[in-house]
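Trainee: Input: one structure, supplied below.
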């Protein structure tokens, strides 16, 4: 029996040293980057590939404004054309343009007129086209600018989404680290119970079965510690993925901030939902839809433009200057009828405007619902943190009392194991409750459209930071 006890003691000591080595390895590992929450969000907004792609898409839409404006600007282009013909009228006109018509060309008339010899001409022309009145082009510019502004607001919304993802991952790392600490406490408590069971057994007071149960509890606690450590490492890798980095990222937490301080200001942010980027985007899209109606109506309007050209002629080689001429023209166009296309376009534009109007109203109602729901979830999560803290204190006191009773042979070892399981569970619930509270808090700011303002707030009041970053810290 003493041999078995010695074996159990040896395995226990080995497992203790293994757990400590794992803990030391985790604590000694130094990721390449250690970031506060604010720095993590700022870095993600700069380096995340998805955000970079959206920035490029935004630039593309900005360039579309320039394309629309180009239809209002003059067009200047050069043309070089080589012509050869024996067409009577064309050949006669080419000679006139080249200033080569002479008395000899009249000899043999009318035969030389009806069957002229081939005539060639190299024409170098400079053309100018200037729109004077083009209402549809002006509306196209305004519409393109509105669509760019709408996409810009959507880009800000995508930034908010990325920031919320980074915050959730950052909090996941914080929670995973707290779970590691909780699991480590569970291992130490289980080891203390094992030593107590072995001591009582060796003194002849305890049971050998208590020693086995304690040993099993140690192994189970070590398993939880290893699982928590793995989740901790994986969550750091995922944060690196969001930041566009291919290695783990460590988080940095300063002093413990009082998150409850935020709660006193939540009612102020409830009424800030109207400034959300997606609502702004919908309003801008509504304005663009109205412009499309104007665009369809303006297709019935006339257009006025100026055209001019300066031409050089030479029958011998290109870009020659044997003769020159110029031409100017003022052109007005009015499209009287082209089927029902314009009328159907106008109807479609009006229906699209009505559709966006209804979407805006529905989205407003949905946003209000989400904001109120997020506010209630923050209050619920805050109360759950208070209850979880009370449960941990109660469980710790319960373990202390049961341990005293077990030492005095007044309670079985199973009661101590049950009390320890209850304490471990309470500690895990407290970690989860704190994570849920911070997640609910940031989700509330995300739903009100103020998440980036809160995160990048430089002049934060003391105690405002839920993550405990220093006031003037990075």
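Trainee: Please compute the volume of the convex hull spanned by the alpha-carbon atoms of the range 310-424 and report it per residue in Å³.
Mentor: 408
Trainee: Express the C-alpha Rg of the range 287-352 as a ratio against the empirical globular expectation 2.2 N^0.38 Å, rounded to two decimals.
Mentor: Ratio of Rg to 2.2 N^0.38 Å for the range 287-352: 1.95.
Trainee: Same structure again: In whole Å and largest first, what semi-axes does the C-alpha gyration tensor of the range 51-206 yield when each eigenvalue is scaled by 5 and square-rooted?
Mentor: 93, 20, 9
Trainee: Once both axes come from the Cα atoms, what is the angle between helix 88-97 and the longest principal axis of the chain, in degrees from 0 to 90, rounded to 10?
Mentor: Here the helix axis deviates by roughly 80 degrees.
Trainee: When the convex hull of the C-alpha atoms of the range 184-322 is computed, what volume per residue in Å³ does it have?
Mentor: Per-residue hull volume (Cα only) is 410 Å³.
Trainee: How far is helix 208-242 tilted off the main Cα axis of the chain, in degrees rounded to 10, range 0 to 90?
Mentor: In the chain, helix 208-242 runs at an angle near 20 degrees to the longest axis.
Trainee: What 222 nm value per residue comes from the helices of the chain, counting each DSSP H run with n ≥ 4 as -39,500 (n - 2.57) and dividing by all residues, nearest 500 deg cm²/dmol?
Mentor: -23500 deg cm²/dmol
Trainee: If you line up the Cα atoms of the range 358-438 on their principal axes, what length do they span on each, largest first, in Å?
Mentor: Taking the Cα atoms of the range 358-438, the three principal extents are 74, 17, 14 Å.
Trainee: Quick one: the Cα spread of the range 56-115 along its three principal axes, in angstroms, biggest first?
Mentor: 70, 18, 15
Trainee: Here is a further query. Fewest Cβ neighbours within 10 Å first, please rank 422, 209 accordingly.
Mentor: 209, 422
Trainee: Can you quote the Å³ per residue value for the convex hull of the Cα atoms in the chain, rounded to an integer?
Mentor: In the chain, the Cα convex hull volume per residue is 257 Å³.
Trainee: Relative to the compact globular guide of 2.2 N^0.38 Å, what is the alpha carbon radius of gyration of the range 131-258, as a ratio?
Mentor: Its radius of gyration relative to the 2.2 N^0.38 Å reference: 2.07.
Trainee: Could you state the angle between the C-alpha long axis of helix 49-70 and the longest principal axis of the C-alpha atoms of the chain, as a value from 0 to 90 degrees rounded to the nearest 10?
Mentor: With rounding to tens, the tilt is 20 degrees.
Trainee: Quick one: order 314, 210 by neighbouring beta-carbon count within 10 Å, fewest to most.
Mentor: Least crowded to most crowded, the residues run 314, 210.
Trainee: Next question. Between residue 324 and residue 238, what is the spin-label point distance in nm, taking each point 7 Å from the Cα along the Cα→C-beta axis?
Mentor: Placing both labels 7 Å beyond Cα along the Cβ direction yields 7.4 nm.
Each reported figure results from applying straightforward, stated rules to the coordinates on display, with no laboratory input. What you see is a predicted model, and the numbers here were worked out from it, not measured in a lab. Counting neighbours? That spans all protein chains shown, and the Cβs are built from the backbone with ideal geometry, glycine included.
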